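The values are calculated or read from the model by the stated rules, or taken from the named source; none is laboratory data. Remember, predicted model here, so these are calculated numbers, not experimental data. Neighbour counts run over all protein chains shown; Cβ positions are idealised from the backbone, glycine included.
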Amino acid sequence: MIIGHLPAGYLLTRLLYPPTVLPWRIFILSGLCGALAPDLDMLYFHLIDHGQTHHHRYFTHFPAFWGGLLLLTLFAWRLTRFARAGLLASVFAGNGMVHLCLDSIVGDIWWLAPLVDRPFSLFTVPALYQPWWLNFLLHWSFGLELGLVAWAVFVWRRGRGSR
């Protein structure tokens, strides 16, 4: 996924928004940050690792990390006095999990890491073009990303009148 994470995060966060609990802008910001958070490892990938290790092999792309974080935040939301912070953190972590699900369509995700060193993906993007990102832009899966963008824009424009 190249451009689909942010619109997917918007759609999920919009779907989950509880209007009486938190301000819209804070809630949506938490969700959008969570949708992009797993790819913050790209800073390490480029600046320190110099591309030697696939960035999906970092803990920030391990479902165990995001699933554990989601469980902790759900606990904080429901069972502690920090309900509002727990809700924001849960939306953040939930969008992190959605990020990994979207990456699994055409990208390798180590779903059983750190216990099993085996990547999983639904489809493979063949390396036919240079630079590498052209392979993703010309693959049918990019149409899914464009669909997410179109859907998010539609929902955003439709909802502007209600805010």
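A few points about this structure:
- The residues in segment 1-45 that are in a helix (DSSP H, G or I) and among the β-branched types (Val, Ile, Thr) can be counted, and the count is 3.
- Of all residues making up segment 120-132, the number that are touching a strand residue (DSSP E or B) at 6+ places or on another chain (Cβ under 8 Å) and buried (at least 16 other Cβ atoms within 10 Å of the Cβ): 0
- Pairs meeting the criteria (first residue in segment 1-26 and without any contact (Cβ under 8 Å) to a residue 24 or more places away in the chain, second residue surrounded by fewer than 19 Cβ atoms within 10 Å (Cβ to Cβ), beta carbons under 8 Å, at least 6 apart or on different chains) are Tyr17/Trp24; Tyr17/Ile28.
- Scanning segment 106-163 for residues that are in contact with a Gly (Cβ under 7 Å, 6 or more places away or on another chain) and among the small types (Gly, Ala, Ser) yields a count of 1.
- Residues that are closer than 15 Å to Ile2 by Cβ and either touching a Leu at 6+ places or on another chain (Cβ under 9 Å) or basic (Lys, Arg) (or both), drawn from segment 104-124: Ser104, Ile105, Val106
- For segment 55-163, the helices (runs of 4 or more DSSP H) that sit wholly inside it and include 1 or more residues that are farther than 22 Å from Gly9 by Cα and at pLDDT 95 or above are 132-137.
- Every residue from segment 41-96 that is surrounded by 19 or more Cβ atoms within 10 Å (Cβ to Cβ) and either at positive phi or touching a residue at least 60 places away in the same chain (Cβ under 8 Å) (or both): His56, Leu87, Leu88, Val91, Phe92, Gly94, Asn95, Gly96
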